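Report on one structure; see the data block that follows.
The values are calculated or read from the model by the stated rules, or taken from the named source; none is laboratory data. Since the structure is predicted, the reported quantities are computational estimates derived from the model, not experimental observations. Here the Cβ positions follow ideal geometry from the backbone for every residue, glycine too, while neighbour counts run over all protein chains shown.
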Amino acid sequence: MKLFIYTLLFSNFILAQKEYPKDYFRSPLDIPMQLAGNFGELRPNHFHAGFDFRTMQKEGLNVYAVADGYISRIKISTFGNGKTLYVTHANGYTSVYGHLQKMVGEIESFIKSTHYKEKSFELEIYLKPGELEVKKDQIIALSGNTGGSEGPHLHFEFRDNITENIINPLLFGFDKFLKDTKKPILSGVYVYPITNETTVNQSKRPLLLNLKLQKDGIYLSDKVLTNGKIGFGIQTSDYDNVSFSPNGVYKVQSYLNGLPNFGYQFDTYSFDEMRYINALIDFSMYKKSGQRVQKLFMKTPYKLSIIKSDDTNGILSVLPNLTSLDRIEVSDFYGNTTTVSIPIVYDAQSPIIAPEPELSKYYIKANKDSNFEKENMSVFFPAGTFYEDFNFNFDVINDTLILHDNSVPAHSNFTITIEDTKHTEAQREKLYIALMDGLKVSYNATFRKEATFTTKVKTLGKYALVLDTIAPKISIASPIEGKWLTDKKSIQFTISDSQSGIKSYNGYLNDNWILFEYDSKTKKITHNFSDAIVAEGENKLKIEVVDNVGNSTIFETLFFRSQNIKK
């Protein structure tokens, strides 16, 4: 009866999947679809939220509304998705278009006027039905490379209007835009001893298993000889026939002796779940080697909705006189599947490879509050900050707070507090709590009350108070002082800050605020004369840049421009 109920639960999960409209939406581009990233792909601290469409390594391609709707949100940011449009559709879904170069027509005019109204390049605007309507096939923007993009492409998403959950575009019929006959690639299978008492192939550490391809196309691993609780992890990727780069896999399912015991499928999830990627992967291995091994077990269960598991949470208990077979299937959306079989045998041999040494003095229980204090520094971890219990290294050395290292992921914020005893009141205005990574110093938003400094962060490592008295820099490639710029379409400057980073910048032409667009990748700000703010003849330009602790730099110059350009 238990087997019947368990199998029924897994069957109901598959049958209960929501049906999505397959022919309602078009592609947002009018070129053949190639992907630089797919839905659910593993990224730093998050699962990828949609598709990254290749745009032939250039900007300026037409971006189309995929269906009738209205612009419900506009976000202009120097990071993340950069210039982004959200189109809400009547059938219950919203399409999202990111890293845009610019919007077009009425949409661009509305955005430009809002820049000048708010006197800000960065914007977040929410609109109502009827304000900016769009039609299917309408050009709404041009593709670009704005925000955190690492090259020209279009980021595209589908979201549920009610839950705001993100949804795999393949479920909306986008699978017809791609051809995929290739099986996922299984680069490695790892076996993990779960408890301190467990030995695997005479090792107390995770081991990479040898795989051999059989005539039937299934991989067979070497025997796993163990005496306790174990789990498996895989390193895997997928290719389609046209995109020429590895992407994430769609589905992973493991079976113990023929019964499903752990799996996940990238159909839909919420933004609140994104950071659980750090629990799904072997985070320590990722930090040490850059390899993302996806664990097929949970030592401590976490709330990632795509995971479906039995009551063992993917952990296998290997007992004497019993032989087991674990099978792992990795599939893409088109059903191409790679399979590996892993024979498991009980074995009580003594370990040859000892566990990695742990020099930590303390221990953190993930489900309880923890507070550590030494000298003038302290840290508070609320319950639920971490995914698992672990041995924790804490110390204060040479005015530096040591919080273990970044090989252990935090799911949520924890609080660092530092009492300053060495600086004057004037200097305290320029202090902040920084993450120290070798010679790299990273700013964290810091709150000060008299001599007490606090910050909330999500990364373990070394922290210290840092004094920043260096003002930002403003530079221009070629001086424009006293020059005629009639033949120029824009003016461009480089702004930078060597310590706490840029908090704000503003430009003024003849004492009127003007729009400078900021590219954080190149550190350049650009004003386009097409905004029609420039005066005939003499123009006085002023730029002010402020860093995160209040240091500021002002640049002033004078140039000339005529609007009577001969054609």
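Since F392 meets every condition but one in (1) closer than 27 Å to Y302 by Cβ; (2) surrounded by fewer than 16 Cβ atoms within 10 Å (Cβ to Cβ); (3) free of Cβ contacts under 8 Å to residues at least 60 places away in the same chain, which condition does it not meet?
Just one mismatch for F392, condition (2).
What about V545, is it surrounded by 16 or more Cβ atoms within 10 Å (Cβ to Cβ), hydrophobic (A, V, I, L, M, F, W, C) and touching a Pro at 6+ places or on another chain (Cβ under 6 Å)?
Numbers: surrounded by 16 or more Cβ atoms within 10 Å (Cβ to Cβ): yes; hydrophobic (A, V, I, L, M, F, W, C): yes; touching a Pro at 6+ places or on another chain (Cβ under 6 Å): yes.
So V545 fits the description; yes.
Can you tell me which residue among I474, I480 is touching a Ser or Thr at 6+ places or on another chain (Cβ under 8 Å), part of a loop (DSSP other than H, G, I, E, B), touching a residue at least 40 places away in the same chain (Cβ under 8 Å) and farther than 25 Å from F447 by Cα?
Of I474, I480, the one residue that is touching a Ser or Thr at 6+ places or on another chain (Cβ under 8 Å), part of a loop (DSSP other than H, G, I, E, B), touching a residue at least 40 places away in the same chain (Cβ under 8 Å) and farther than 25 Å from F447 by Cα is I480.
Kindly provide the set of residues from the range 148-173 that are within 17 Å of the chain's Cα centre (by Cα) and either of a type in the set (D, E) or at pLDDT below 95 (or both), ordered by number.
Once the filter is applied, which keeps residues that are within 17 Å of the chain's Cα centre (by Cα) and either of a type in the set (D, E) or at pLDDT below 95 (or both), the range 148-173 yields G148, S149, E150, G151, E157.
Please give the number of the condition L439 fails out of (1) surrounded by fewer than 18 Cβ atoms within 10 Å (Cβ to Cβ); (2) under 23 Å from G290 (Cα atoms); (3) of a type in the set (A, V, I, L, M, F, W, C); (4) in contact (Cβ under 8 Å) with a residue 12 or more places away in the chain.
Here L439 meets the rest and fails (4).
Given (1) of a type outside the set (V, I, T); (2) assigned to a strand (DSSP E or B); (3) surrounded by 15 or more Cβ atoms within 10 Å (Cβ to Cβ), where does Q499 come up short, assuming only one miss?
(2)
Could you go through the range 335-351 and let me know if any residue there is among the hydroxyl-bearing types (S, T, Y), in contact (Cβ under 8 Å) with a residue 40 or more places away in the chain, in the same structural domain as K251 (by TED's automatic domain parsing) and in contact with a Lys or Arg (Cβ under 6 Å, 6 or more places away or on another chain).
yes
Is it the case that some residue within the range 552-566 is of a type in the set (G, A, S), more than 30 Å from S498 (Cβ to Cβ) and without any contact (Cβ under 8 Å) to a residue 12 or more places away in the chain?
Step one: of the range 552-566, the residues of a type in the set (G, A, S) are 552, 562.
Narrowing the set further to residues that are more than 30 Å from S498 (Cβ to Cβ) leaves 562.
Then drop every residue that is not without any contact (Cβ under 8 Å) to a residue 12 or more places away in the chain, which leaves none.
No: the range 552-566 contains no residue that is of a type in the set (G, A, S), more than 30 Å from S498 (Cβ to Cβ) and without any contact (Cβ under 8 Å) to a residue 12 or more places away in the chain.
Just to be sure before I move on: is K176 assigned to a strand (DSSP E or B) and surrounded by fewer than 19 Cβ atoms within 10 Å (Cβ to Cβ) in the structure I sent?
On the way: assigned to a strand (DSSP E or B): no; surrounded by fewer than 19 Cβ atoms within 10 Å (Cβ to Cβ): yes.
Answer is no for this residue.
Answer yes or no as to whether T421 is in a loop (DSSP other than H, G, I, E, B), more than 20 Å from the chain's Cα centre (by Cα) and free of Cβ contacts under 8 Å to residues at least 60 places away in the same chain. Spell out how you get there, then give the answer.
On the way: in a loop (DSSP other than H, G, I, E, B): yes; more than 20 Å from the chain's Cα centre (by Cα): yes; free of Cβ contacts under 8 Å to residues at least 60 places away in the same chain: yes.
When the stated conditions are applied, T421 passes them.
What residue, of G550, G507, G461, is surrounded by fewer than 16 Cβ atoms within 10 Å (Cβ to Cβ) and either out of contact with any Gly (no Cβ under 9 Å at 6 or more places or on another chain) or at pLDDT 95 or above (or both)? Give the steps one after another, and end with the answer.
Values: G507 fails: surrounded by fewer than 16 Cβ atoms within 10 Å (Cβ to Cβ); G461 fails: surrounded by fewer than 16 Cβ atoms within 10 Å (Cβ to Cβ).
That would be G550, the only listed residue that is surrounded by fewer than 16 Cβ atoms within 10 Å (Cβ to Cβ) and either out of contact with any Gly (no Cβ under 9 Å at 6 or more places or on another chain) or at pLDDT 95 or above (or both).
Residues are listed down the side, and each one gets a yes or a no for (1) in contact (Cβ under 8 Å) with a residue 60 or more places away in the chain; (2) in contact with a Phe, Trp or Tyr (Cβ under 6 Å, 6 or more places away or on another chain):
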residue: N257; (1), (2): yes, no
residue: F283; (1), (2): yes, no
residue: P301; (1), (2): no, no
residue: I307; (1), (2): no, yes
residue: D311; (1), (2): no, no
residue: L325; (1), (2): yes, no
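Could you tell me how many of the residues in the range 472-487 are modelled with pLDDT of 95 or more, under 38 Å from the mean Cα position of the chain (by Cα), surrounded by fewer than 17 Cβ atoms within 10 Å (Cβ to Cβ) and not polar (S, T, N, Q)?
Count: 2.
Report whether or not T415 is at pLDDT below 95 and not in a helix (DSSP H, G or I). Don't jump to the end; show me each part of the working.
Details: at pLDDT below 95: no; not in a helix (DSSP H, G or I): yes.
No, not satisfied.
If I go through the range 530-551 residue by residue, how many of them are aliphatic (A, V, I, L, M), in contact (Cβ under 8 Å) with a residue 24 or more places away in the chain and not in a strand (DSSP E or B)? Give the derivation first.
As a first pass, look at the range 530-551 and keep what is aliphatic (A, V, I, L, M): 532-535, 541, 543, 545-546, 549.
So of that shortlist, the ones also in contact (Cβ under 8 Å) with a residue 24 or more places away in the chain come out as 533-535, 541, 543, 545-546, 549.
Still in the running and not in a strand (DSSP E or B): 533-535, 549.
The qualifying residues number 4.
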